[in-house]
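One structure below.
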Amino acid sequence: MADQLWRRTPESFAALRTLPASLRSELERSFRLDTLVETTVRPADEGLTHKALHLLDDGRSIESVLMRYPARGSVCARATVCISSQAGCAVGCPFCATGELGFWRDLTTAEIVDQVRSWASFLRPTGERVTNIVFMGMGEPLLNTERVLAAAAALSDPRRFGLGARHITISTSGVVPGIERLTEQGTRYTLAVSLHAARPALRDLLVPLNHRWPAHAVVAAAAAYGRATGRRVTYEYVMISGINDTADDAAETARLLGGQLAHVNLIPMNPVAHTPWLPSPSDRIEAFAAILRAAGLPTTVRRNRGIEIGAACGQLAAERAEQPAPAAVARRRELIVERTSAALGRGMAQGGS
Ligand code: SAH
Ligand code: SF4
């Protein structure tokens, strides 16, 4: 049965037709299949991008995004799901809408996994599958490390969701002990590090965690991860006009990352309401990329997807910052998530672990 639950992501126990009817109704009465109370989906990019707002049990909302890339030549079609690891975020990067919202709570393993299961159900009618998962929604995954690792283990387990580990990307703003934990575990996930600046004072401003774990320590921890797993580390660099996009910034970045098994991804900043900052113009981004490439660092520029539906980190939730009071949630699910976990097998819907 666990196999059917993972592979077919049914919407209810009643849909598990291979089970006797009496067992189905008993399961329906006693257990819950989904920790997300309500999911609202909005399309953009002519249906290539969809953004979901998920309502949680306690009235908080989180978001996830589906980005579909059609097949091109010999490149197969992909469906990447961007998921949240926390409701809000405590790190407080000033260019990030989630950072502006503040921190509410860690998500449970089941709440993380259920975002992916909900997109798997969404894709089922067209025969498509989720091919990649990125922890780039709300929250800092490595400040919720154990639950994120339990979710990633379930999603990469061939007997459960069954996605290859390298198709799962964990993005961190630089939590050194969390990166060390990934290294110690040794699973070959893709690690993305949000760098955004190489100069210490600028990175202190853009990624306040830099006060605690400075960029050189983060790069050293990521390099150790790369050596242990053989995986190239991705460095994310949000390009903010006039803030971190000069030739000097590029040269400092090249010096910091020189000799690493790394790939740099330049991301034009998505404008957010609470800052006057704007994305760097494309010629400046290209000039920045050229300096990195000349230093031997493979560098790509990411096209922003879903901007018109506010698919930048945290923006949809920010629109609904006035979260409904817990009492206003229509029907609180009553049954305890752990019971589901015990009945359905490892990690399936473990609530507050
Ligand atoms: N907390 C983790 C993962 C979630 S943020 C992290 O910071 O890595 C995912 C990515 O979105 C990060 O690289 C982050 O810097 C980027 N991001 C946040 N706000 C953005 C914005 N306004 N425009 C472009 N990228 C943004
Ligand atoms: Fe948190 Fe990442 Fe946003 Fe920074 S960029 S506030 S770490 S979610």
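Considering only residues in the range 242-254 that are at pLDDT 95 or above and surrounded by fewer than 17 Cβ atoms within 10 Å (Cβ to Cβ), the one that is nearest to ligand 2 (Cβ to nearest atom) turns out to be Thr246. Out of curiosity, is Val218 within 13 Å of ligand 2 (Cβ to nearest atom) and part of a strand (DSSP E or B)? Against the criterion (within 13 Å of ligand 2 (Cβ to nearest atom) and part of a strand (DSSP E or B)), Val218 does not qualify. Would the range 75-89 turn up any residue that is more than 24 Å from Val207 (Cβ to Cβ) and polar (S, T, N, Q)? No: zero hits. So which residues in the range 281-297 are crowded, with 18+ Cβ neighbours inside 10 Å, more than 9 Å from Ala254 (Cα to Cα) and aliphatic (A, V, I, L, M)? Answer for the range 281-297, where residues must be crowded, with 18+ Cβ neighbours inside 10 Å, more than 9 Å from Ala254 (Cα to Cα) and aliphatic (A, V, I, L, M): Ile285, Ala289. Pairing residues of the range 115-137 that are touching a residue at least 60 places away in the same chain (Cβ under 8 Å) with residues that are within 16 Å of ligand 1 (Cβ to nearest atom) and acidic (Asp, Glu), at Cβ distances under 8 Å and at least 6 apart in sequence or on separate chains, gives Gly137/Glu63. Answer yes or no as to whether Thr246 is hydroxyl-bearing (Ser, Thr, Tyr) and more than 26 Å from the chain's Cα centre (by Cα). The answer is yes for Thr246. Among strands (runs of 3 or more DSSP E) entirely within the range 40-101, having at least 1 residues that are within 13 Å of ligand 1 (Cβ to nearest atom), within 15 Å of the chain's Cα centre (by Cα) and crowded, with 20+ Cβ neighbours inside 10 Å singles out 61-69, 78-82, 86-88.
All of Ile170, Ile179 fail the test of being closer than 22 Å to Leu261 by Cα, in contact with a Pro (Cβ under 6 Å, 6 or more places away or on another chain) and among the aliphatic types (A, V, I, L, M), apart from Ile170. When the range 162-194 is filtered for residues that are touching a strand residue (DSSP E or B) at 6+ places or on another chain (Cβ under 9 Å) and hydrophobic (A, V, I, L, M, F, W, C), the ones remaining, listed by number, are Leu163, Ala165, Ile168, Ile170, Ile179, Leu182, Leu191, Ala192, Val193.
Restrict the check to the range 194-210 and report whether at least one residue is surrounded by 21 or more Cβ atoms within 10 Å (Cβ to Cβ) and of a type in the set (D, E, K, R). Checking the range 194-210: at least one residue is surrounded by 21 or more Cβ atoms within 10 Å (Cβ to Cβ) and of a type in the set (D, E, K, R). Reported count of residues in the range 266-276, each being in contact with a strand residue (DSSP E or B) (Cβ under 9 Å, 6 or more places away or on another chain) and buried (at least 18 other Cβ atoms within 10 Å of the Cβ), is 5.
The values are calculated or read from the model by the stated rules, or taken from the named source; none is laboratory data. Because the structure is predicted, anything quoted here is derived from the model rather than measured. Backbone-built Cβ (ideal geometry, glycine too); neighbour counts: all protein chains shown.
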